[in-house]
1. Could you check the stretch 20-35 and list, in sequence order, the residues that are in contact with a Lys or Arg (Cβ under 9 Å, 6 or more places away or on another chain) and at pLDDT 95 or above?
2. Considering each residue of the stretch 86-106, count those that are of a type in the set (A, V, I, L, M, F, W, C), part of a helix (DSSP H, G or I) and loosely packed, with under 10 Cβ neighbours inside 10 Å, and give that number.
3. On the basis of being surrounded by 18 or more Cβ atoms within 10 Å (Cβ to Cβ) and in contact with a strand residue (DSSP E or B) (Cβ under 8 Å, 6 or more places away or on another chain), does residue 70 make the cut?
4. In the stretch 68-85, what residues are in a helix (DSSP H, G or I) and of a type in the set (Val, Ile, Thr)?
5. Which one is nearest to residue 91 (Cα to Cα) among residues in the stretch 8-58 that are in a strand (DSSP E or B) and among the hydrophobic types (A, V, I, L, M, F, W, C)?
6. Test each condition in (1) in contact with a strand residue (DSSP E or B) (Cβ under 8 Å, 6 or more places away or on another chain); (2) over 17 Å from residue 29 (Cα atoms) for residue 53 and report the one that comes out false.
Amino acid sequence: MFDKKLQDLIQYVIYAHAFCAKTDSNRFRRWDMKTPYYIHPLWCATTLLTEEKLSEEIRRIGSQALLLHDVFEDTTAGLPEDTEDEVRRLVMDMTFNTSDQEVENI
């Protein structure tokens, strides 16, 4: 079920950023070093979910990819084993080695 999957991924992302961060700076947002980093992927995913002009399928796949989009860059957690191929592909497309590479590609 879509809602259960989303709930599980939210819990996974919170865990990954809180307990598997590569560095302390990956646990908190840089602008205040207090806001948990996982707020960023949650915000990204929920913003997409509110776009009712998009199809349910785009919102479903896109929100999962946005929840997971910083896992490789900022954590040692990896993706959950049951991550769909399309979600995995989107996450890989949003994964960069440096912020310069990210800016150049985007």
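1. 21
2. 1
3. The answer is no for residue 70.
4. The answer is 71, and nothing else.
5. So the residue we want is 21.
6. (1)
The values are calculated or read from the model by the stated rules, or taken from the named source; none is laboratory data. The structure presented is a predicted model; accordingly, all values stated were derived computationally and were not measured. All Cβ positions, even for glycine, are placed from backbone atoms using ideal geometry, and neighbour counts span all protein chains on display.
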